[in-house]
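These notes concern the structure reproduced below.
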Amino acid sequence: MGGHVSPRTLAAQWHVIRTAAGLGQMRFHDLRHTAVSLLLALGIPPHVVREIVGHSDVKVTMTVYAHGNLDEKAAALSRLSTTVTGGLRSRGEVDGGRADGS
């Protein structure tokens with residue numbers, strides 16, 4: 001109906017709702033965690049996500065919810081590598097491609 005839902009009503013109906021949605025064994029709080037993680041993954045600024053979920057400090061949002069996946073970590077390290085080595089020539093360029101360096 002668009003109004004406020006009491007915690008008791010939600011708890012009483014959660015089993016029915018998640019079963020109908022095919023969510024399996026999932027706590028209602030898991031929806032919050034998923035929503036926050038997705039917002040951060042979409043690039044929503046952490047201070048905005050903090051305001052949405054009502055954390056008192058953005059550190060809570062980032063510590064509890066910000067989990068970089070392996071692809072994000074690999075991309076970050078690749079960017080760091082490119083930045084650090086971008087101006088350096090490879091050993092092959094320095095020694096003319098000879099394995100012995102002569």
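The values are calculated or read from the model by the stated rules, or taken from the named source; none is laboratory data. These numbers come from a predicted model, not from an experiment. Counting neighbours? That spans all protein chains shown, and the Cβs are built from the backbone with ideal geometry, glycine included. Ligands, DNA and RNA are stripped out before the accessible areas are found, and what is left, the full protein with its side chains, is counted by its heavy atoms. Shrake-Rupley method; radii C 1.70, N 1.55, O 1.52, S 1.80 Å.
Mind checking which pairs have a first residue in the stretch 50-79 that is modelled with pLDDT under 85 and a second that is in a loop (DSSP other than H, G, I, E, B) and open to solvent by 60 Å² or more (accessible area, probe 1.4 Å), Cβ under 9 Å, 6 or more apart or different chains? Final answer for the pair search is none. Total residues in the stretch 32-55 satisfying the condition of being in contact with a helix residue (DSSP H, G or I) (Cβ under 9 Å, 6 or more places away or on another chain), in a helix (DSSP H, G or I) and either closer than 21 Å to A11 by Cα or not charged (D, E, K, R) (or both): the figure is 14.
Being open to solvent by less than 80 Å² (accessible area, probe 1.4 Å), aliphatic (A, V, I, L, M), assigned to a helix (DSSP H, G or I) and at pLDDT below 90: is that true of V16 here? Answer is no for this residue.
Residue check: is H33 surrounded by fewer than 10 Cβ atoms within 10 Å (Cβ to Cβ) and not small (G, A, S)? No: the conditions fail for H33.
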